[in-house]
Structure formats: structure tokens, C-alpha cells
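Below is one structure, written out as C-alpha cells, with a few remarks after it.
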Ligand code: SF4
């Protein structure tokens, strides 16, 4: 087995559940605090399980990217983050220059804890801004305010300019209820004014069981219509391009040298370790999600412990590895797209068969090629920015339909 060079650690705790979120999180209340405050016993007992899970894994090879996500991992104290990284480092080792990212919530840290996180080894931060508008933040159910957010940006920006941080990212959500072109323009301008070298901009999606879904069912959620939504997406791309950002993935923009190395692992269909309640790992192209509740996660760790990791790995062999569908869905999200010849060759296809079938695919996608949604260099197919990326679902569906229409697609 080829061991991964990346690890994702999941911290499932949040202060409260945001109105749009369906992640497997454990809300601990607004006053929750990692080491001593409310919720700390729950956090400490979870961390014991997480340390145990890491220690049960085979030693593998040293890691080049580590991502601590959630949830709200910045709810943990610097000491807890430091211990967690030490367990991981002792077990796998970290490569020189490893990228170590922590997701951070604007209202959950101050100058002292930020210093503590950096001393613990964190060298990249991903700040969950979501919006610079207090009214919108309230409607999203977020705990932070614009003041918290701007203070956070200044603190992080100062660490970055002193060279204490390698990079940082700011996350925003677009196409929120009531959003208009003019208000969104203001959001992007504010974001750029804080000089983050990386921006992640996600479309709001309405998930089952969330407060937003209930509001939508009651007709109380006024989302931008398709036309406004398309204009918002196009404006995002245009404004960030003129500010020097490159859209290296559908939802991610970076200044030169600041693309997230960890996220590229997911989009290039490489393997990664996943640790923690609800976390997914990908080993030998096979994905495994851990149980989403504390009790079931604990039982799962006990069963891995009693059967041994070898048994656990055997269960991976019974699952199919990356499918063509997975590779297309993740590959086309990237600016560079995907080399379809290489992909089909990896399935055992010969050159003649590849050329015949790709000619047919090009014919099926003629309209999308003609209006410039998709382009091709050699055998590499990629979506254009912004038109193709904004209609990515439509194009991906066409390609998957072509794939399904082949009678004998899986083997040579
Ligand atoms: S902070 Fe993030 S993970 Fe936690 S509830 Fe809100 S959106 Fe979900």
C-alpha cells in the first residue's frame, strides 16, 4: 500500500450551529472553551480518542500537508493544538516545509492565542469570514460580528507580514438570501482590502434539516434568481482577477504561490489520512468515512483496535477505487482540468479506443465547445473561467452521460 503524505484532522465542536450548516458538529454554547471552560470535558475526552486513532494507524511516511478542520478547531486551546500536532508528528513525522492549516473562527481567538497556535506549528490559517455585514451574519446564525472579523483580519495580516505565517485564506459565501450585485461588490472590495493571499468563495447551498431549509419551505428565504446569481459569480471572478488572484479551482482564488497544497490533494484524487469523528480518509483510492456520532466513533476505534489495522485495510480492498465519475467531478473543478487520455489509459484502454470515444465525446459537447464553456489542449479538457466554471454541473453531467452510454466502459 502507498501511504498518504497528507492528513485531515476533524474537530467537531462549534459554539452554535449556523442556520445553513448540516455538518456533523457538536454545538457547545457560546461560552465554550477548549481547556477549562464549558464543554472542555467533552473536548478533552474527544481528543483522547483522536490521539488514539492516530496512534493506531501504520507509521506510513512523513506528512507534507496537515489540515485541522471542523467544526471550529480554534475553539481548542493552543496547548491542545500543540499536543495534537505532537502526536501526529511523533507518529508520522513532518516533511520540511509541511503546510499546516488551522480553520479559525473570527470570534474564537485573540492575539495571545494566535501566537500560541503559530508556536504550536500552525503556518496557514483559514478564516471563516462568510460576510462583512452584521445583519447578514445574524441571519446566517453566525456568532461573530464585523468588528470581530476585521480585528481577526488585522491580527492575522500582521503575523503574515512579519513572516510568522506562510499564508492565510478568507472564506466568504455568495448568493445569500437578499444578496444583490451591489452589496456583493462591497463584500469583495472589503475582503480584498484586508489583503488575504487566498480566498475561498462558496455558493450557499440549502441542506436538508437546516434552519435555512425550513425557511425555504415556508417561503421565507429570498435567494437571488438564476440571472442575479450568474452575475454575482461572474463579478467575483472578474474583480478577483483584476486584483491579481488566479481562480485555480471553482471556489478558490490565490495570489501566486498561495494555492492550498492540502486542498489540491483532494482535487488531484491523491490519498490522504482522515482522523476524527465523521472524517473521511482516502487510502489506495478508496474512501472511508468514520461514524458521525461520538458513541459510534468510539466503538469504531475500539473495533479497529481489537481487530488490528490490517483487517481495517482489508475492508478497503472490497471497495472500488476512484471511479471515472469521481475523477471527472474533482478534476474538472481545477483550472488545469483533466487529461482524459491519461485517465482512460489508467483504465486499460488503448490509443485507438481512446481516440474513437473522445471524438464522440467532443461531438456531444459541440455546443459547449462552440460557446466557449469548455476547451481542450491536447487531451486535457478544462472549463473556462468564468463561463464554464459557473456552469460546471451542466458540463459534468454531459460527460457522465456519455460515460454511462458506453456499453463496455470499465475494462480494456
Ligand atoms: S461554524 Fe462552521 S462548522 Fe460550525 S456550525 Fe457554523 S458553518 Fe457549521
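Read-outs throughout are calculated quantities, based only on the coordinates presented, and are distinct from any laboratory measurement. This structure is a prediction, so every number in the text was calculated from the model and none was measured. Neighbour counts are summed over all protein chains in view; Cβ atoms, including those assigned to glycine, are modelled from backbone coordinates with ideal geometry.
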Across 5 Å bins from the origin, how do the percents of Cα pairs in the range 8-97 run, short distances first? 3, 13, 23, 23, 16, 11, 7, 2, 0
Expressed in nm², what is the orientationally averaged projection area of the convex hull enclosing the Cα positions of the range 324-405? 4.8
Please work out the Cα center distance from the range 331-373 to the range 214-265, rounded to the nearest Å. 26
Counting other beta carbons within 10 Å of each residue's own, what order do 109, 322, 23 fall into, fewest first? 23, 322, 109
Provide 402, 168 in ascending order of the number of other Cβ atoms located within 10 Å of each residue's Cβ, fewest first. 402, 168
Expressed as a rounded percentage, what relative contact order does the range 324-405 have, with Cα pairs under 8 Å and six or more residues apart? 36
Going by how many other Cβ atoms sit within 10 Å of their own, how do 117, 324, 275, 222 line up, fewest first? 222, 324, 275, 117
Value of [θ]222 nm, deg cm²/dmol, for the chain, DSSP H segments ≥ 4, -39500 (n - 2.57) each, nearest 500: -13500 deg cm²/dmol
The chain, relative contact order [Cα under 8 Å, separation at least 6], %: 15
Cα atoms only, the range 254-412: Rg and Dmax in Å? 18.9, 58
Share of Cα-Cα pairs in the range 24-160 lying beyond 22 Å, as whole percent: 41
Restricting to Cα pairs below 8 Å that are 6+ residues apart, what does the relative contact order work out to for the range 231-331? Please round to a whole percent. 19
Nearest 5 is fine: what % of DSSP beta bridges in the range 161-283 come out antiparallel, could you say? 55
Any idea how far the Cα center of the range 4-53 sits from the one of the range 113-165, in Å? 18
Let me test this: with uniform point scatterers at the alpha carbons of the chain, what is the Debye-based log₁₀ I(q)/I(0) at q = 0.06, 0.07, 0.09, 0.10 1/Å? -0.26, -0.36, -0.61, -0.75
